[in-house]
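**Student:** Can you keep this structure in mind? I'll have questions shortly.
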Amino acid sequence: MPSPLFKSHDYARNLSHQFTVVVPIMQSHYTKSSGLRQVTFLLVLILTCISFVRCEPSITSQGQDINTEVGKVVNMPCEVQDLGEQTIEWFFLKDNTQISTGSTILVTQGSHYSIVRPQDLNSGDQHWNLQIDNVRVSDDGHYKCQIQGGVSPNSSIIHTLHVNGVIDTPEVISDKRSFNFSGCCEKKNVSSSCLPACSPYQVDWNTFSPIVACGYDLEKLLACATDGRNHLSCCKRRNIPTVCLDFCYGQSPVALGAEHIQCISSIMNLLQCAEEGQVLLPTPPTSVKVRGTLGEQIIVIWGEPEENAGSVIGYKVVWKEKDSNISDTSELLSEVTTSYNIPNVKENLLYSIYVIAVGQFGSSMPSVIISAAASKNMTADHDKLVKGCCQENQVSSNCSKELCTSSPLDQVNPDVVESCMEELPNIFKCFVGEK
């Protein structure tokens, strides 16, 4: 399949043809000396352009709707042409977490993902297929393969995985008169030219263009409209164009272009997804913080979402080194879990961390991002917190002395554990940051 832009040899042939036409014309219109100088300059310019021409990478696979059952193996194709030194990434769009970069899987525990690289000897194109083993109900959703940093339409594709047995999204009856987010827009100092978009059912969308009126406020507007929720599943279900999907999870596209004009015609569907999300989707987890460290682990704790907490089926913790572009992700944790130990962290290296609430029909946006570094001082602080919690829960002095520390299993005495058996539940709650 040819590149959507051009092949370098085709481009060079086209330039060569233009040159053979242009030279005689220019020679007939200019004096011999001045004309030849200008023609020579044109030749140098053309040859310089040819030397810099390269094939742009593109994904040649097509997005697919894939039906499967729990326990099966699924393979999602991603065929890439002219990748060069660039990298392929996979994302799970239901919670907007990154699965892989290149061949490296970024889900650190309980992963059932792998990148499969079959060879295509005929075309020479590269395959970066995502394989999911032992499919689960929670795998139902949308998967994006993209060229890292790519912004052209052919730099990404989206597959939709339908897992049999997943409950269909219920119909939400909305009250259009009550849906607006003008209060949020005012708090974020959205400009007066953009404020009408914050009361969407009072605007004539045939004459009002948010892309024009909200050029400098687009991120603020999207943050208010999405209200801390990821609406992408709804947007895909309503066939909103792929180029517009960034808006569905509150992100402004990397580069706004003429292709985004079509998103205006999808405004009503976008609004309906935002309304639906207010009923079905959780807001982000609250009170995300670090309680301390345990060896090479950072202990993160959080509280349940402020809205629709009952819809949560689990949580995901996402972290990365502060200056890295690559994130690691936990497996899907249970809905009653409120803490997680991030593994294999490096001492005194700063990490960015956030938590996502995953619901049955979609997910929240990321929580507030926090920063933390594993250090001996943090371990000492955690010791104080654990001991204080044990004291509040009236753990006996002997058990508190031996077990209420940041590393209770280091050189622990089995006899002490046995004698403190009845108090272990309270000790464990303190250790993971609960009260």
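The values are calculated or read from the model by the stated rules, or taken from the named source; none is laboratory data. Nothing here was measured: the structure is a model prediction, and the numbers come from that model. Virtual Cβ from ideal backbone geometry, glycine too; neighbours counted across all protein chains shown.
**Student:** In region 92-113, is there at least one residue being basic (Lys, Arg), touching a strand residue (DSSP E or B) at 6+ places or on another chain (Cβ under 7 Å) and at pLDDT below 90? Give the steps one after another, and end with the answer.
**Tutor:** Filtering region 92-113 for residues basic (Lys, Arg) gives 94.
If we keep only those that are touching a strand residue (DSSP E or B) at 6+ places or on another chain (Cβ under 7 Å) too, we end up with 94.
With at pLDDT below 90 added as a condition, the list becomes 94.
Scanning region 92-113 turns up at least one residue that is basic (Lys, Arg), touching a strand residue (DSSP E or B) at 6+ places or on another chain (Cβ under 7 Å) and at pLDDT below 90.
**Student:** Okay, next question. Could you please find all residues in region 73-84 being without any contact (Cβ under 8 Å) to a residue 40 or more places away in the chain and under 14 Å from Ser103 (Cα atoms)?
**Tutor:** Scanning region 73-84 gives no hits.
**Student:** When only residues in region 323-376 that are assigned to a strand (DSSP E or B) and acidic (Asp, Glu) count, which is surrounded by the fewest Cβ atoms within 10 Å (Cβ to Cβ)?
**Tutor:** Ranking the candidates gives Glu347 first.
**Student:** Right, another one. Select from region 199-236 the residues that are among the charged types (D, E, K, R) and crowded, with 17+ Cβ neighbours inside 10 Å and list them in ascending order.
**Tutor:** Answer for region 199-236, where residues must be among the charged types (D, E, K, R) and crowded, with 17+ Cβ neighbours inside 10 Å: Asp217, Lys220, Asp227, Arg229, Lys236.
**Student:** Looking only at residues that are touching an Asp or Glu at 6+ places or on another chain (Cβ under 9 Å) and either in a strand (DSSP E or B) or modelled with pLDDT of 90 or more (or both) in region 73-91, which one is surrounded by the fewest Cβ atoms within 10 Å (Cβ to Cβ)?
**Tutor:** Filtering region 73-91 for residues that are touching an Asp or Glu at 6+ places or on another chain (Cβ under 9 Å) and either in a strand (DSSP E or B) or modelled with pLDDT of 90 or more (or both), the one surrounded by the fewest Cβ atoms within 10 Å (Cβ to Cβ) comes out as Val73.
**Student:** Sticking with this structure for a sec: Evaluate the following for Lys320: is it touching a strand residue (DSSP E or B) at 6+ places or on another chain (Cβ under 7 Å), touching a residue at least 24 places away in the same chain (Cβ under 8 Å) and within 22 Å of Gly150 (Cβ to Cβ)? Outline the logic, then answer.
**Tutor:** On the way: touching a strand residue (DSSP E or B) at 6+ places or on another chain (Cβ under 7 Å): yes; touching a residue at least 24 places away in the same chain (Cβ under 8 Å): yes; within 22 Å of Gly150 (Cβ to Cβ): yes.
Yes; evaluated as a whole, the condition is true for this residue.
**Student:** Let me ask another. Suppose we filter region 92-119 for residues that are hydroxyl-bearing (Ser, Thr, Tyr) and loosely packed, with under 13 Cβ neighbours inside 10 Å; how many remain?
**Tutor:** If we filter region 92-119 for residues that are hydroxyl-bearing (Ser, Thr, Tyr), which is where we start, we get 97, 100-101, 103-104, 108, 111, 113-114.
Retained after the next criterion (residues that are loosely packed, with under 13 Cβ neighbours inside 10 Å): 103-104.
Of the residues in region 92-119, 2 are hydroxyl-bearing (Ser, Thr, Tyr) and loosely packed, with under 13 Cβ neighbours inside 10 Å.
**Student:** Can you pull out every residue in region 144-154 that is crowded, with 18+ Cβ neighbours inside 10 Å and under 14 Å from Asp246 (Cα atoms)?
**Tutor:** Filtering region 144-154 down to residues crowded, with 18+ Cβ neighbours inside 10 Å leaves 144-147, 150.
Lys144, Gln146, Gly150 - these are the residues of region 144-154 that are crowded, with 18+ Cβ neighbours inside 10 Å and under 14 Å from Asp246 (Cα atoms).
**Student:** Exactly one of these conditions fails for Ile298: (1) in a loop (DSSP other than H, G, I, E, B); (2) crowded, with 21+ Cβ neighbours inside 10 Å. Give me its number.
**Tutor:** Status for Ile298: all satisfied but (1).
Rundown of residues vs (1) assigned by TED's automatic domain parsing to the domain that holds Ser233; (2) without any contact (Cβ under 8 Å) to a residue 40 or more places away in the chain, yes/no style:
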| residue | (1), (2) |
| --- | --- |
| Ile264 | yes, no |
| Asn269 | yes, yes |
| Ile298 | no, no |
| Gly303 | no, yes |
| Val312 | no, no |
| Ser339 | no, no |
| Ser352 | no, yes |
| Phe361 | no, no |
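For every residue, the table says whether it meets (1) in contact with a Lys or Arg (Cβ under 7 Å, 6 or more places away or on another chain); (2) outside the structural domain of Glu259 (by TED's automatic domain parsing); (3) modelled with pLDDT of 85 or more.
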| position | (1), (2), (3) |
| --- | --- |
| Pro170 | no, yes, no |
| Lys187 | no, no, yes |
| Cys198 | no, no, yes |
| Tyr201 | yes, no, no |
| Trp205 | no, no, no |
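**Student:** Out of Ile261, Ile267, which single residue is surrounded by fewer than 16 Cβ atoms within 10 Å (Cβ to Cβ) and farther than 27 Å from Thr338 by Cβ? Walk me through it before giving the result.
**Tutor:** Working: Ile267 fails: surrounded by fewer than 16 Cβ atoms within 10 Å (Cβ to Cβ).
Testing whether each residue is surrounded by fewer than 16 Cβ atoms within 10 Å (Cβ to Cβ) and farther than 27 Å from Thr338 by Cβ leaves just Ile261.
**Student:** May I ask you to list the residues in region 270-292 that are surrounded by fewer than 16 Cβ atoms within 10 Å (Cβ to Cβ) and not in a helix (DSSP H, G or I)?
**Tutor:** If the condition is that a residue be surrounded by fewer than 16 Cβ atoms within 10 Å (Cβ to Cβ) and not in a helix (DSSP H, G or I), then Thr286, Ser287, Lys289 are the ones that fit.
**Student:** Do you know which residues across region 280-327 are over 29 Å from Glu89 (Cβ atoms) and among the acidic types (Asp, Glu)?
**Tutor:** Of everything in region 280-327, those that are over 29 Å from Glu89 (Cβ atoms) and among the acidic types (Asp, Glu) turn out to be Glu304, Glu306, Glu307.
**Student:** With the requirement that a residue be within 17 Å of Ala197 (Cβ to Cβ) and either surrounded by 21 or more Cβ atoms within 10 Å (Cβ to Cβ) or over 19 Å from the mean Cα position of the chain (by Cα) (or both), what does region 241-255 give you? First the steps, then the outcome.
**Tutor:** Within region 241-255, the subset within 17 Å of Ala197 (Cβ to Cβ) is 244, 246-248, 250-253.
Within region 241-255, Phe247, Cys248, Gly250 meet the criteria.
**Student:** If you take the residues in region 312-322 that are of a type outside the set (A, V, I, L, M, F, W, C) and surrounded by fewer than 19 Cβ atoms within 10 Å (Cβ to Cβ), which one is nearest to Val288 (Cα to Cα)? Before the answer, list the steps.
**Tutor:** First, pick out the residues of region 312-322 that are of a type outside the set (A, V, I, L, M, F, W, C): 314-316, 320-322.
Still in the list and also surrounded by fewer than 19 Cβ atoms within 10 Å (Cβ to Cβ): 320-322.
Working: Lys320: 16, Glu321: 18, Lys322: 17 Å.
Per the criteria, the residue is Lys320.
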